[in-house]
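Notes follow the structure.
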Ligand code: BES
Ligand code: MN
Ligand code: ZN
């Protein structure tokens, strides 16, 4: 999508997009267009349900006296109630309609209005929402009929202080790039995206100034990452540990980095504890945590965030085979702690525990946030609307919760505690990888991870199993990979560590 900003003028082709406030109140440009079309907009508003509520849409096609294809009326609701997220959602709703209607060009008019955010800020956020919504993963569709394909290529945003709007948008555009990186990774099938090819995608970040290193099986063996390697041993795909460092803090390299750790199971069959066939294809996006970490590192580097950050992704494929690990196997993690693997399908925690330990040993981070499509139980608890947040630190929890709210990627804090921790005590080894029952399945998974967090390190775990993929369209994300986590953590970094 090509998005540009310019001082207001009315083009003679394409769609025109104008705002209508709550109560069918036309914005100035809408009023002007209404006059030019002999009152077509007022007539359209007179008969129908459209009232100008936030996100409502009304198309006036082939408007009288104009050569434009259509005028799209967009409900803005009450101006004072429009925060950044709401503005983005409105931009997304407008884009979705334009993508359906078949225009290749649209012009948004952002008028100066009294109350609410200033026009340039509104312009940038509408454009950002429209950009996020216009994402499409269609590289494998070779026979799509042209009339089914969205044609929208160009959005012109007309706003008086175009330079300010453009400057604001440039930063948002970088974050969208990061979101798209994640969506692409999450959407790829597992025959294309496997540990080595995902690591290769991570290496591309070196173009943005990110230092990327990749460890293979040999190196991980030397480090004693028996838990991660145990998961990988049933697959012919070699596991990888992807490490991405961004050093943008004004203080230089010495400042302790923020660490982001991702579960990157490029396909999760369950291993010998095999999953049922129905729906198993979903497990191609069991690398959603790692995908979010790569997208986040892209966003931070592309917008030159003034922070030191390290992203670490444990990349494996969980397969059943003659070489696969068995239920009852005991593995030794890099931390020295031993684990009895009672269910080979509880593999994410085995991958993460070594990635978490590696991250602490090597980077002494200021804090750690891990992301993982870790448990089906979190979907039972929270559905597909919020991610589960587990943390040993109240401040970190509050910061993440606030950031999630601000960008529309909400997280809900779940409990941790010694009673839950006991549930993974084991007679055979230091711990077992499942509790035995189904009770509190997401919590016991988080307790497992916490056993690999050193005393004094603020840590948060985001269980994104319910939100990494969506089966329905959202305001700023078409169905499919959502890119959940990128905007959340980018906002978390910007709000708390770049001041
Ligand atoms: N990758 C799955 C969790 C998952 C399920 C993600 C559904 C997205 C959608 C994870 O590896 C898994 O299999 N977890 C098991 C744990 C159980 C064996 C204790 C689960 O949730 O059933
Ligand atoms: Mn599993
Ligand atoms: Zn998994």
- Message: For the stretch 219-233, check the following and say yes or no: at least one residue is touching a residue at least 12 places away in the same chain (Cβ under 8 Å), in a loop (DSSP other than H, G, I, E, B), within 16 Å of ligand 1 (Cβ to nearest atom) and in contact with a strand residue (DSSP E or B) (Cβ under 7 Å, 6 or more places away or on another chain).
- Response: no
- Examine the stretch 103-112 for a residue that is within 20 Å of the chain's Cα centre (by Cα), surrounded by 19 or more Cβ atoms within 10 Å (Cβ to Cβ), in the same structural domain as residue 151 (by TED's automatic domain parsing) and closer than 18 Å to residue 164 by Cβ, and state whether such a residue exists. no
- Message: Quick test for you: out of 385, 347, 409, 340, pick the one residue that is away from ligand 1 (no atom under 16 Å from the Cβ) and assigned by TED's automatic domain parsing to the domain that holds residue 232.
- Response: 409
- Item | Criterion (touching a strand residue (DSSP E or B) at 6+ places or on another chain (Cβ under 7 Å) and free of Cβ contacts under 8 Å to residues at least 12 places away in the same chain) met by exactly one of 479, 432 | 479
- Contacts under 7 angstrom Cβ, first residue in the stretch 454-474 being touching a residue at least 40 places away in the same chain (Cβ under 8 Å), partner within 16 Å of ligand 2 (Cβ to nearest atom) and part of a loop (DSSP other than H, G, I, E, B), 6 or more apart: 463/374; 463/375; 464/373; 465/373; 465/374; 465/375; 465/376; 468/373
- Message: Would you confirm whether or not the stretch 281-303 contains a residue that is surrounded by 24 or more Cβ atoms within 10 Å (Cβ to Cβ), more than 21 Å from the chain's Cα centre (by Cα) and either within 14 Å of ligand 1 (Cβ to nearest atom) or at pLDDT 95 or above (or both)?
- Response: no
- Taking the stretch 67-88 and keeping only residues that are in contact with a strand residue (DSSP E or B) (Cβ under 9 Å, 6 or more places away or on another chain) and farther than 18 Å from residue 156 by Cα, one is left with 75, 76, 77, 78, 79, 82, 86
- Message: Going by what's in this entry, would residue 460 be described as in contact with a helix residue (DSSP H, G or I) (Cβ under 9 Å, 6 or more places away or on another chain) and within 13 Å of ligand 1 (Cβ to nearest atom)?
- Response: no
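The values are calculated or read from the model by the stated rules, or taken from the named source; none is laboratory data. These numbers were taken from a predicted model, which means no experiment stands behind them. Methodologically, a virtual Cβ is constructed for each residue, glycine included, from the backbone with ideal geometry; neighbour enumeration extends over all protein chains shown.
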